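For reference, the structure discussed in these notes is given below.
The values are calculated or read from the model by the stated rules, or taken from the named source; none is laboratory data. Everything numeric in this text was worked out from a predicted model, so none of it was measured. Cβ placement follows ideal geometry from the backbone for every residue including glycine, while neighbour counts extend to all protein chains displayed.
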Amino acid sequence: MTSVSTGACSEAVDRLREALNRADAVVVGAGAGLSASAGLTYDGARFEEHFGDFIAKYHIPDMYAGGFYPFESLEEYWAWWSRQILLNRYEKAPRPVYEALLALVGERDCFVLTTNVDHQFQMAGFDKKRLFYTQGDYGLWQCSQPCHQETYDNEETVRRMAAEQRDMRVPSELVPRCPRCGRPMTMNLRCDGTFVEDEGWHAAAGRYADFLQRHRGARVLFLELGVGGNTPVIIKYPFWQMTMHNRNAVYACINRGESFVPRGLRRRGIGISADIGDALALLSGAEA
């Protein structure tokens, strides 16, 4: 029995299943909680296994904090980041939560808006033309200035960095530099005003806008998964607003401990406080 199979949660799952079956389109809004449910945790045993030397030297508490740490050199900086990228971008999540989500929505007209940067949607089989990664991608680098609005795939170099690093340092010749100005490269992550929105980013933004316009006034399910309070203006608030302005729309939120539905949406809102993987499994099992 899962943690969402009793009482009000079970009723909410039934309502979500009905909304999913009635929907003309589904817009998935995914945050860090979805990847955490899939096993991509940034602390605890997983963190300690892969970053024990950095923990011992710098007492870094988790992978998120380590991404902002002022390391002593670029060689050390990229030793850290190559491990983090390889672990969270080029390896599939331990639990098949993304695959379960695809099984539920894959046959429907669906688009994904996500603040996650780990590429797990595509690795699970989602159509890349139906994905908008608003906050960047662990698999991309950009100029740290930036002197131009382009990004660069990093997989080949990251794998070399991870394999060839010694004593928490990568070889100096592997430190990436901008091919135009020679400055150090950095991650294509929206941390400040230097974030590069490249041609691919703008194309995805356009496809998302077109999807919303095409389904304006239709029976749309806005399905929010694991979105916290750090950046509510990207997914949470727009989902609330679009549901309020479309009387045929339904808003659903699955987030353990943070499933909130605004008072104005109570009749067309569904909140499920549970692990996302458990909730999806219950939805799938009940449908079968």
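Of the residues in the stretch 47-64, how many are in a helix (DSSP H, G or I), out of contact with any Ser or Thr (no Cβ under 9 Å at 6 or more places or on another chain) and either free of Cβ contacts under 8 Å to residues at least 40 places away in the same chain or crowded, with 16+ Cβ neighbours inside 10 Å (or both)? Steps first, answer last, please.
Of all residues in the stretch 47-64, those in a helix (DSSP H, G or I) come to 47-58, 63-64.
From what is left, the residues that are out of contact with any Ser or Thr (no Cβ under 9 Å at 6 or more places or on another chain) are 48-58, 64.
Now drop any that are not either free of Cβ contacts under 8 Å to residues at least 40 places away in the same chain or crowded, with 16+ Cβ neighbours inside 10 Å (or both), which leaves 48-52, 54-56, 58, 64.
Of the residues in the stretch 47-64, 10 are in a helix (DSSP H, G or I), out of contact with any Ser or Thr (no Cβ under 9 Å at 6 or more places or on another chain) and either free of Cβ contacts under 8 Å to residues at least 40 places away in the same chain or crowded, with 16+ Cβ neighbours inside 10 Å (or both).
Just one of GLN145, GLN149 is surrounded by fewer than 21 Cβ atoms within 10 Å (Cβ to Cβ) and either in contact with a Lys or Arg (Cβ under 8 Å, 6 or more places away or on another chain) or of a type in the set (A, V, I, L, M) (or both); which is it? Lay out the reasoning, then the answer.
Details: GLN149 fails: either in contact with a Lys or Arg (Cβ under 8 Å, 6 or more places away or on another chain) or of a type in the set (A, V, I, L, M) (or both).
Result of the check over GLN145, GLN149: GLN145.
Can you name the number of the only condition in (1) within 30 Å of ILE272 (Cα to Cα); (2) of a type outside the set (Val, Ile, Thr); (3) part of a helix (DSSP H, G or I); (4) without any contact (Cβ under 8 Å) to a residue 60 or more places away in the chain that SER35 fails?
(4)
Kindly list, by first and then second residue, each pair from a residue in the stretch 210-224 that is in contact (Cβ under 8 Å) with a residue 40 or more places away in the chain and in a strand (DSSP E or B) to a residue that is of a type in the set (S, T, N, Q) and surrounded by 13 or more Cβ atoms within 10 Å (Cβ to Cβ), limited to pairs with Cβ atoms under 6 Å and residues at least 6 apart or on different chains.
If the second residue must be of a type in the set (S, T, N, Q) and surrounded by 13 or more Cβ atoms within 10 Å (Cβ to Cβ), the pairs left are PHE222/THR243.
Tell me, yes or no, whether the stretch 112-122 has at least one residue that is in contact with a Gly (Cβ under 6 Å, 6 or more places away or on another chain), surrounded by 14 or more Cβ atoms within 10 Å (Cβ to Cβ) and assigned to a strand (DSSP E or B).
For the stretch 112-122, residues in contact with a Gly (Cβ under 6 Å, 6 or more places away or on another chain), surrounded by 14 or more Cβ atoms within 10 Å (Cβ to Cβ) and assigned to a strand (DSSP E or B): present.
In the stretch 148-206, what residues are in contact with an Asp or Glu (Cβ under 7 Å, 6 or more places away or on another chain) and of a type in the set (Ser, Thr, Tyr)?
Hits for the stretch 148-206 are THR151, SER172.
If you scan the stretch 145-175, which residues turn out to be touching a Leu at 6+ places or on another chain (Cβ under 9 Å) and not in a helix (DSSP H, G or I)?
THR151, TYR152, ASP153, ASN154, GLN165, VAL170, VAL175
Within the stretch 89-121, which residues are free of Cβ contacts under 8 Å to residues at least 40 places away in the same chain and either among the aliphatic types (A, V, I, L, M) or touching a strand residue (DSSP E or B) at 6+ places or on another chain (Cβ under 7 Å) (or both)?
Matches in the stretch 89-121: LEU102, HIS119.
Look at the stretch 250-269 and say how many of its residues are outside any loop (DSSP other than H, G, I, E, B) and either among the β-branched types (Val, Ile, Thr) or crowded, with 18+ Cβ neighbours inside 10 Å (or both). First the steps, then the outcome.
So the first thing to find is which residues in the stretch 250-269 are outside any loop (DSSP other than H, G, I, E, B), and the list is 250-254, 263-269.
Keeping just the survivors that are either among the β-branched types (Val, Ile, Thr) or crowded, with 18+ Cβ neighbours inside 10 Å (or both) gives 250-254, 265, 268-269.
Result for the stretch 250-269: 8.
Regarding ALA38, is this residue within 22 Å of GLY228 (Cα to Cα), of a type in the set (A, V, I, L, M, F, W, C) and touching a Lys or Arg at 6+ places or on another chain (Cβ under 8 Å)? Even if it seems obvious, please write down each step before you answer.
Details: within 22 Å of GLY228 (Cα to Cα): yes; of a type in the set (A, V, I, L, M, F, W, C): yes; touching a Lys or Arg at 6+ places or on another chain (Cβ under 8 Å): yes.
Yes; evaluated as a whole, the condition is true for this residue.
Are any residues in the stretch 229-249 at pLDDT below 95 and surrounded by 15 or more Cβ atoms within 10 Å (Cβ to Cβ), and if so, which ones?
Of everything in the stretch 229-249, just one residue is at pLDDT below 95 and surrounded by 15 or more Cβ atoms within 10 Å (Cβ to Cβ), namely THR231.
Considering the stretch 31-82 alone, what residues qualify as being among the acidic types (Asp, Glu) and under 30 Å from CYS253 (Cα atoms)?
Start the filter on the stretch 31-82 by keeping residues that are among the acidic types (Asp, Glu), which leaves 43, 48-49, 53, 62, 72, 75-76.
Listed by number, the residues that qualify are ASP43, ASP62.
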